Amino acid sequence: MKILPRHLASWMFAATCLTPVAAQAGSFYAFGDSLVDNGNIPRVYGVQFSFIEGSLAQYYDNGRFSNGPTWAEILPGLTGLSFSASNDVAVGGAFAGPLVINVPPIISGTFNNLSNLPSTSPPFAPATTTALPSFDEEVSNFAAAGGHFGAGDVAGVWVGANNYFVAAQQISASPSSANAIVQAAVAQDVGQIGAGVSGLISLGAKTLIVQNLPPLGATPTFNGATDQLNGTTYLVNQISSLHNSELSLAMEALHSSTGANIIVVNETQLFNEVLANPSAFGITNTTTACVTVTSCLTGSTATQNTYLFWDGVHPTAGIHQFIAEYAAADLNALRALTAPAQIAADGQAAFSGQLSARMSDLQAGASGFALNLPDHNMVAELGANDAAPEAQVGKLSGFISGGYSYGNRNASAVTSGFNYNIDSFTLGIDDHVAPGIALGAAFGYGDETGTVQYGSKIKSNAYQFGTYATFYQPNFYLNLKFAFGVDSYNNTRPAVLGSNITAKPSGYTYDFGMGTGYVMHRGRYAFGPIAGIDVANAHLGAYTESGDAALTQSVNAQDYSRVIADVGVAASTSLNINGITLNPHISATADELLSGNGGNFNSVFTDQPGVTLTSTYPNPTHFWAEIQGGVTADLTHRLSLSADFGTTVAKTDGEDHQISANLRYSF
């Protein structure tokens, strides 16, 4: 806590609007199968796409398995991540890993990609003899080429369905073994996905987006079947459900062992929302493949995107857009979770600063009723005088203080930056209990708001109480203060469709501060060293968001703590110009964050309650400097006006600049 000068977060009026600066943007990398592939089969592997899709290949978009870009190509533009085509190494047809397949008499061997499997009809040849990789091979090839991830990079994965298309063929050949085939297929598929994701984490991935499977029974390939034994809607939906359950367990295990955050996007939840209300997504056909309907196949992209499915198992580009938006909303929501407690801490600092301002008044001899708009500096009040006039001992006095402050915090590799604005109002009473000793108490209200990158809005009503004591002599002072606040939030963030996602958590803040200074006088000049320490904490209780079930989060309680020390010098003088007394002042301090890297807390997406995510507060600046200055004009015996400015220097986690005006009238 800073008494002279007060910490920038407590300044009551700031006139410079700040914009948070993003950390160097990370990159997005994509792995998986045809639901991710952006055209790699013809572009990278030199395989004609007509070998894969036959005469319909001309209608597919540049080697993609849809009529337009995949979700992996769209997501970076929604999240600030950089991306190039080579960042997508997914290959259509990829199995999760090497798959041993025996379907006598046609297929026998180990395969990595569906396109390398012999066909089940004459001439029983694979789509291509060019070896195409599995997901696990994509990861190993990426590593062999020197691929790795920075702290802000994100890896996207969607794979698994191709394994089950093979399992469906095996079940068709041996219906009585359906249960055993399903169990074995899911165990192998999820195990290989887990191995691949673990490989990405070992290459440095800290944040991953892993898509689970939609209800495969809803795809045109299966949605017309009714027989529960032969690759039917019922059976493949059971496969999807078991796969998703086991995938969540595997991703939770990886989080527990590595600390990596793995956002599992629940495609079953999303697809069920589309099927329940297709018109909300602009869909008019949820059952038929677009490529089987001439008017759709040859129609405009807009017409094609009224279909849920492009072909038998792949969605249209319109659905890829929605998938990207949902995945981006999840990622942006996770990055924004650290903002509310930080804003609450800034609000508490603003109230605490008003207590410091009042102690400065008391040291300057204030009594009766004082109106402060918003803040001023004690060294300037004392000026070159040996001592301020002592207020009458035993007489109660009161004050009203109002203020406005705002600033920003920059984005880190894994958290979003934000701007904050704080309007505050304080009412207090105090008493000079003895010469050079004053005690007081105050109540305050703060309207605290914040705007986080990518659209989250923080809104809190803060109700605060504080006590303070000041001990001062002509050449020395010691200030003590304690403040406690209760916060009530009404936070929002954008949904993909419909109303915003909302959250109404509650919390509290506290702050204990001590400041001291030694004032030396040389004629009309006053100067000397100043120092202070501040211990603060903002607590946010556990909460669950309301809104679209595919997007909402449940967030555990969290605490954001800081211990800040400062040391510096302050100087002032007193001038008389045309009968008006002016007290210019300036101060500079070096600040150090002694402790308070913030800690961490957990959350889950409510449609994936078994997959924990851990948020860590961004690492703040540990050393910085502050410069403040201004002038106070004593217009009359009771009326004074002051103007102040301040700025931080070498504060890398954000910038704070301010100018302030202060009007005080004493009875």
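Worth a mention:
- Strands (runs of 3 or more DSSP E) completely within the stretch 226-338 that count 1 or more residues being hydroxyl-bearing (Ser, Thr, Tyr) and either in the same structural domain as Ala161 (by the TED database) or on the phi > 0 side of the Ramachandran plot (or both): 285-289, 307-309
- Test: Leu371 is part of a helix (DSSP H, G or I) and either at pLDDT 80 or above or surrounded by fewer than 24 Cβ atoms within 10 Å (Cβ to Cβ) (or both): no
- Residue ID - farthest from Val563 (Cα to Cα), chosen from residues in the stretch 611-620 that are in contact with a Leu (Cβ under 7 Å, 6 or more places away or on another chain) and either surrounded by fewer than 15 Cβ atoms within 10 Å (Cβ to Cβ) or modelled with pLDDT of 95 or more (or both): Leu613
- Checked against the criteria, Ser172 does not count as modelled with pLDDT of 95 or more and in a helix (DSSP H, G or I).
Here's the yes/no breakdown for (1) closer than 30 Å to Phe322 by Cβ; (2) crowded, with 22+ Cβ neighbours inside 10 Å; (3) of a type in the set (Val, Ile, Thr); (4) modelled with pLDDT of 95 or more:
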{"position": "His521", "(1), (2), (3), (4)": "no, no, no, no"}
{"position": "Arg524", "(1), (2), (3), (4)": "no, no, no, no"}
{"position": "Gly541", "(1), (2), (3), (4)": "no, no, no, yes"}
{"position": "Thr544", "(1), (2), (3), (4)": "yes, no, yes, yes"}
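- Selection count, the stretch 57-73, where residues are surrounded by fewer than 21 Cβ atoms within 10 Å (Cβ to Cβ) and not acidic (Asp, Glu): 6
- Selection within the stretch 263-289 - closer than 26 Å to Phe165 by Cα, out of contact with any Asp or Glu (no Cβ under 7 Å at 6 or more places or on another chain) and in contact (Cβ under 8 Å) with a residue 40 or more places away in the chain: Val264, Glu267, Thr268, Leu270, Phe271, Asn272, Glu273, Val274, Leu275, Thr286, Thr287, Thr288
- One residue stands out in the stretch 403-455 among those that are surrounded by fewer than 24 Cβ atoms within 10 Å (Cβ to Cβ) and of a type in the set (D, E, K, R): the one that is farthest from the chain's Cα centre (by Cα), namely Asp431.
- Within the stretch 489-560, strands (runs of 3 or more DSSP E) holding 3 or more residues that are within 20 Å of the chain's Cα centre (by Cα): 491-493, 501-503, 525-540, 553-555
- Considered as a group, the residues in the stretch 312-321 that are surrounded by fewer than 24 Cβ atoms within 10 Å (Cβ to Cβ) and not β-branched (Val, Ile, Thr) include one that is modelled with the lowest pLDDT, and that residue is Gly312.
- If you filter the stretch 631-652 down to residues that are in a strand (DSSP E or B) and closer than 24 Å to Glu592 by Cα, you find that the one that is modelled with the lowest pLDDT is Asp644.
- Condition met for Val197 (among the hydrophobic types (A, V, I, L, M, F, W, C), in contact (Cβ under 8 Å) with a residue 24 or more places away in the chain and in contact with a Ser or Thr (Cβ under 7 Å, 6 or more places away or on another chain)): no
- Subset of the stretch 411-422 (residues that are touching a Gly at 6+ places or on another chain (Cβ under 7 Å) and in a strand (DSSP E or B)): Phe418, Asn419, Tyr420, Ile422
- Those strands (runs of 3 or more DSSP E) lying entirely in the stretch 17-126 with at least 3 residues free of Cβ contacts under 8 Å to residues at least 24 places away in the same chain and of a type outside the set (Val, Ile, Thr): 107-113
- Ala438 assigned by the TED database to the domain that holds Ser460 and out of contact with any Leu (no Cβ under 9 Å at 6 or more places or on another chain): no
- Residues of the stretch 289-303 satisfying the condition of being of a type in the set (Val, Ile, Thr), in contact with a helix residue (DSSP H, G or I) (Cβ under 8 Å, 6 or more places away or on another chain) and surrounded by 13 or more Cβ atoms within 10 Å (Cβ to Cβ): Val291, Thr303
- No other residue among Ala302, Ala289, Ala260 is farther than 30 Å from Thr606 by Cα, among the small types (Gly, Ala, Ser) and touching a strand residue (DSSP E or B) at 6+ places or on another chain (Cβ under 8 Å) apart from Ala289.
- Residues in the stretch 244-262 that are in contact (Cβ under 8 Å) with a residue 24 or more places away in the chain and either more than 28 Å from Ala205 (Cα to Cα) or not aliphatic (A, V, I, L, M) (or both): Asn244, Glu246, Ser248, Glu252, His255, Ser256, Thr258, Gly259, Asn261.
- A search for C-beta distances below 6 Å between a residue of the stretch 426-441 that is at pLDDT below 85 and any residue that is small (Gly, Ala, Ser) and outside any strand (DSSP E or B), counting only pairs 6+ apart in sequence or on different chains, returns His432/Ala391.
- Scanning the stretch 161-180 for residues that are more than 18 Å from Gly109 (Cα to Cα) and either touching a strand residue (DSSP E or B) at 6+ places or on another chain (Cβ under 6 Å) or surrounded by fewer than 24 Cβ atoms within 10 Å (Cβ to Cβ) (or both) yields Ser172, Ser174, Pro175, Ser176, Ser177, Ala178, Asn179, Ala180.
- For the stretch 472-490, the set of residues classified as crowded, with 16+ Cβ neighbours inside 10 Å, aromatic (Phe, Trp, Tyr) and farther than 21 Å from Pro505 by Cα consists of Tyr472, Tyr477, Phe482, listed by residue number.
- Filtered residues of the stretch 135-167 (kept if outside any helix (DSSP H, G or I), under 23 Å from Ile323 (Cα atoms) and not hydrophobic (A, V, I, L, M, F, W, C)): Gly152, Asp153, Gly156, Gly160
The values are calculated or read from the model by the stated rules, or taken from the named source; none is laboratory data. Since we're looking at a predicted model, the values are computed, not measured. Here Cβ is always computed from backbone atoms with ideal geometry, including for glycine, and neighbour counts include all displayed protein chains.
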